[in-house]
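Q: Supplied in structure tokens, the structure appears directly below.
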Amino acid sequence: MMIKVLIDKSDLSLITDDLESSSLDITNHDDGSITLLVDDTSLEVLESILRKVTISRQAFIFETSDGWVKLFIREIIYIESFGVEIIVHTTKRGKIYIKQPLYQLEGLLQSYQIIRIAKSFLVNLEKILYIRPKLNAKLELELVNGLKIDVSRSYVKPFKDALGIGG
């Protein structure tokens, strides 16, 4: 059985690694989109690609002091709690202050690969460039915006489990 999938050019940056590490039959089109020809042996790769595209297109509406803001999952780098303020750090719009508690955001966003890494931080797993071990059993994350933040000791195991790296 063969499956033919057309991927929009706006989604290509999300799946570049999947395409490079797979043996999928890829056809490039003049408009920048691609077609993937997938057989039974490549269904896991297709599932991973579709999950990433679906998650990136997911949007949520959050209340701010000025009204409501629509944010796509792909825009969120990390979320921090600073006292009573909740700050969403985004790729395109900088900092956005929202009015929803961090624990509620954690529950809402964990199925979209945004997980808690410390008492005051949630991070989008797709926005991590490097993970480095630190002293005291902590981990340091380097994010796409160049910022480095720590995974606190109590969150290291759940963080590694979420990435599937165990240990």
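The values are calculated or read from the model by the stated rules, or taken from the named source; none is laboratory data. Everything quoted here is computed from the prediction, not taken from an experiment. Note: ideal-geometry Cβ built from the backbone for every residue, glycine included; neighbour counts use all protein chains shown. Note: areas computed on protein heavy atoms with side chains; ligands, DNA, RNA excluded. Shrake-Rupley method; radii C 1.70, N 1.55, O 1.52, S 1.80 Å.
Q: Would you pick out the residues in region 1-42 that are hydrophobic (A, V, I, L, M, F, W, C), open to solvent by 70 Å² or more (accessible area, probe 1.4 Å) and farther than 17 Å from Ser56 by Cα?
A: Answer for region 1-42, where residues must be hydrophobic (A, V, I, L, M, F, W, C), open to solvent by 70 Å² or more (accessible area, probe 1.4 Å) and farther than 17 Å from Ser56 by Cα: Met1, Met2.
Q: Quick test for you: out of Ile96, Ile131, pick the one residue that is open to solvent by 30 Å² or more (accessible area, probe 1.4 Å) and among the hydrophobic types (A, V, I, L, M, F, W, C).
A: Only one candidate passes the filter, namely Ile131.
Q: Any residue in region 56-72 that is farther than 23 Å from Lys92 by Cβ, open to solvent by 70 Å² or more (accessible area, probe 1.4 Å) and assigned to a strand (DSSP E or B)?
A: Taking every residue of region 56-72 in turn, none turns out to be farther than 23 Å from Lys92 by Cβ, open to solvent by 70 Å² or more (accessible area, probe 1.4 Å) and assigned to a strand (DSSP E or B).
Q: Moving on. Please name all residue pairs, on different chains or six or more residues apart, with Cβ atoms under 8 Å, provided the first residue is in region 71-84 and is in contact (Cβ under 8 Å) with a residue 12 or more places away in the chain and the second residue is among the aromatic types (Phe, Trp, Tyr).
A: Between residues of region 71-84 that are in contact (Cβ under 8 Å) with a residue 12 or more places away in the chain and residues that are among the aromatic types (Phe, Trp, Tyr), the close pairs are Leu71/Phe60; Leu71/Phe62; Ile73/Phe60; Ile73/Tyr112; Tyr78/Phe121; Ile79/Phe121; Glu80/Phe121; Ser81/Phe121.
Q: Return the only residue of Lys95, Lys99 being basic (Lys, Arg) and touching a residue at least 12 places away in the same chain (Cβ under 8 Å). Outline the logic, then answer.
A: Details: Lys95 fails: touching a residue at least 12 places away in the same chain (Cβ under 8 Å).
It is Lys99.
Q: For residues that are farther than 20 Å from Glu106 by Cβ and open to solvent by less than 40 Å² (accessible area, probe 1.4 Å), tally how many sit in region 141-167.
A: 2
Q: So is Lys95 basic (Lys, Arg) and under 25 Å from Ser48 (Cα atoms) or not?
A: So Lys95 does not fit the description; no.
Q: With the requirement that a residue be among the small types (Gly, Ala, Ser) and under 13 Å from Ala118 (Cα atoms), what does region 138-165 give you?
A: Matches in region 138-165: Ser152, Ser154.
Q: Same structure, new question: Within region 68-105, which residues are more than 25 Å from Ile15 (Cα to Cα), at pLDDT below 95 and acidic (Asp, Glu)?
A: Hit for region 68-105 is Glu85, nothing else.
Q: Which numbered condition in (1) within 10 Å of the chain's Cα centre (by Cα); (2) open to solvent by less than 70 Å² (accessible area, probe 1.4 Å) is the only one that Ala118 fails?
A: Going through (1) within 10 Å of the chain's Cα centre (by Cα); (2) open to solvent by less than 70 Å² (accessible area, probe 1.4 Å) one by one, Ala118 breaks only (1).
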